[in-house]
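Peer 1: Submitted below is the structure of interest, expressed as structure tokens.
Rule-based calculations on the coordinates, nothing more; no lab input. On a predicted model such as this, the values are computed, not experimentally measured, just so you know. Cβ placement follows ideal geometry from the backbone for every residue including glycine, while neighbour counts extend to all protein chains displayed.
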Amino acid sequence: MRILLLEDDLALGRALQSVLQDDGHLVTWVRLGADAERLLGEEPFAALLLDLGLPDGDGIALLRRLRAAGHGLPSVVITARDSLEDRLDGFDGGADDYLIKPFDIPELLARLRAMARRAGEAPAGAADGGPAWTLGDLVLDPRRLSVTRAGRALPLSRTEFALLHTLVRHADRIVTRTELEDGVLPYSGGQTLDVHMSNLRRKIGDGYIRTVRGVGYMVRHEG
């Protein structure tokens, strides 16, 4: 996996670059948000690993700009900010995962592997050129990993897209919390699912996803 690492701490940056490379990844390490933003506009990456406290700004602000520009790059926040408010702000800003320092390297590698598996899965209908899915005025296109509402592109994170795609693929039946957590959010707790679902609903609007209290979620397929 080709990873862009955004970490201003020299010792931690060197250590992360080394262990990631030892694990077989190609790693580009930068210390400024401006450099990360420039590289993301010039080169393809499979994942972004970023700190929040940067010399030239805040990592969440950077992530919000990327999402607003349509970047669906899978992103993992690594930070010492451990309050619930900080974690919610991270997910709300578009993070796919949130890892609190100090963390165990095997856990980071496992989360990256899980994210790579999700990103590498061929969405239903993509291989055979199948049609996009329609939910009211929402159109989900698995081939382009895009969602539009009334023709306007929605800035979903990769995880939010995967959640919506899973629900759409199993339209008209309840998808349990366990199915979503195991299939889309491995190594994350139930609260993470709630946060992602809340953000997804906020972005696509009310009326598309139905909560079946204590069981899971479902959507109705139309068109």
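Peer 1: Highest mean first, how do 52-62, 68-78 rank when packing is the count of other Cβ atoms within 10 Å averaged over residues?
Peer 2: Details: 52-62: 17.5, 68-78: 19.0.
Peptide ranking by packing, descending: 68-78, 52-62.
Peer 1: Span-like helices, the chain: DSSP H, alpha-carbon axial extent 20 Å or more, mean Kyte-Doolittle -1.0 or greater, which ones? The partial results should precede the final answer.
Peer 2: On the way: long enough: 105-120 (22 Å, 0.09); 190-204 (21 Å, -0.69).
Counting only whole DSSP H runs, the qualifying helices are 105-120, 190-204.
Peer 1: Follow-up. Among Val77, Phe91, Gly205, whose Cα sits farthest toward the positive end of the charge dipole of the chain (+1 at Cβ of Lys/Arg, -1 at Cβ of Asp/Glu, about the Cα centre)?
Peer 2: Ranked along the dipole, the leading option is Gly205.
Peer 1: Right, another one. Just to be sure I understand: of the beta bridges DSSP finds with both ends in the chain, what percent are antiparallel, rounded to 5?
Peer 2: 50 percent
Peer 1: Tell me, in nm to one decimal, what length is gained between Asp92 and Asp8 on full extension, where the rule is 0.36 nm per residue of separation less the Cα-Cα distance? Write down the numbers at each step before the final one.
Peer 2: On the way: separation 84, 0.36 × 84 = 30.24 nm, distance 2.29 nm.
Length difference between fully extended and current span is 27.9 nm.
Peer 1: So if we plug the beta-carbon distance of Asp172 and Ala114 into 1/(1 + (r/R0)^6) with R0 = 25 Å, what FRET efficiency do we get, rounded to 0.05?
Peer 2: Numbers: r = 28 Å, r/R0 = 1.12.
Computed FRET efficiency for Asp172 and Ala114: 0.35.
Peer 1: With only Lys, Arg, Asp and Glu charged, each at its Cβ (+1 for the first two, -1 for the last two), find how big the charge dipole of the chain is about the Cα centre; round to the nearest 20 debye. Present the calculation step by step, with values, prior to reporting the outcome.
Peer 2: Details: 28 positive and 33 negative charges, 163 e Å.
Dipole magnitude for the chain comes out near 780 debye.
Peer 1: Taking only DSSP H segments of four or more residues, each worth -39500 (n - 2.57), what value at 222 nm results for the chain once the sum is divided by all its residues, to the nearest 500 deg cm²/dmol?
Peer 2: On the way: 8 runs with 92 residues, N = 223.
The per-residue figure over the chain is -12500 deg cm²/dmol.
Peer 1: Match the structure shown to one of the listed values [x] -0.55, -1.02, -1.11; [y] -0.44, -0.99, -1.12; [z] -0.77, -1.06, -1.12 of log10 I(q)/I(0) by the Debye sum over Cα atoms at q = 0.10, 0.15, 0.16 Å⁻¹, computed from it, and give that label.
Peer 2: [y]
Peer 1: With springs only between Cα atoms under 10 Å, which of Pro102, Pro44, Pro142 fluctuates most in a Gaussian network model of the chain?
Peer 2: Evaluated over the chain, the most mobile residue of the options is Pro102.
Peer 1: Please label the shape of the stretch 1-90 as rounded, prolate or oblate, based on the square roots a ≥ b ≥ c of the eigenvalues of the alpha-carbon gyration tensor (a/c under 1.5 means rounded; beyond that, a/b larger than b/c means prolate, else oblate). Write out the running numbers ahead of the final one.
Peer 2: Working: a/c = 1.55, a/b = 1.16, b/c = 1.34.
The shape class here is oblate.
Peer 1: In terms of modelled amide H atoms, which long-range or inter-chain residues lie less than 5 Å from the amide H of Gly136?
Peer 2: Long-range HN contacts for Gly136: Glu222.
Peer 1: Further question: I'd like the distance separating the alpha-carbon centroids of the stretch 1-64 and the stretch 144-213, in whole Å.
Peer 2: What the calculation gives is 27 Å, centre to centre.
Peer 1: Show the residues, 5+ positions off or on another chain, whose built amide H is closer than 5 Å to the amide H of Phe45.
Peer 2: none
Peer 1: List the residues whose amide H sits under 5 Å from the amide H of Val27, counting only those 5 or more places along or on another chain, with H placed 1.01 Å from N in the peptide plane.
Peer 2: Amide H neighbours of Val27: Ile3.
Peer 1: Of Leu16, Leu48, Leu200, which has the largest mean-square fluctuation in a 10 Å C-alpha GNM of the chain?
Peer 2: Leu16
Peer 1: Now for a separate question. With a 10 Å cut-off between alpha carbons and a GNM built on the chain, which of Val147, Val175, Val19 moves the most?
Peer 2: Among Val147, Val175, Val19, the largest mean-square fluctuation in the Gaussian network model of the chain belongs to Val19.
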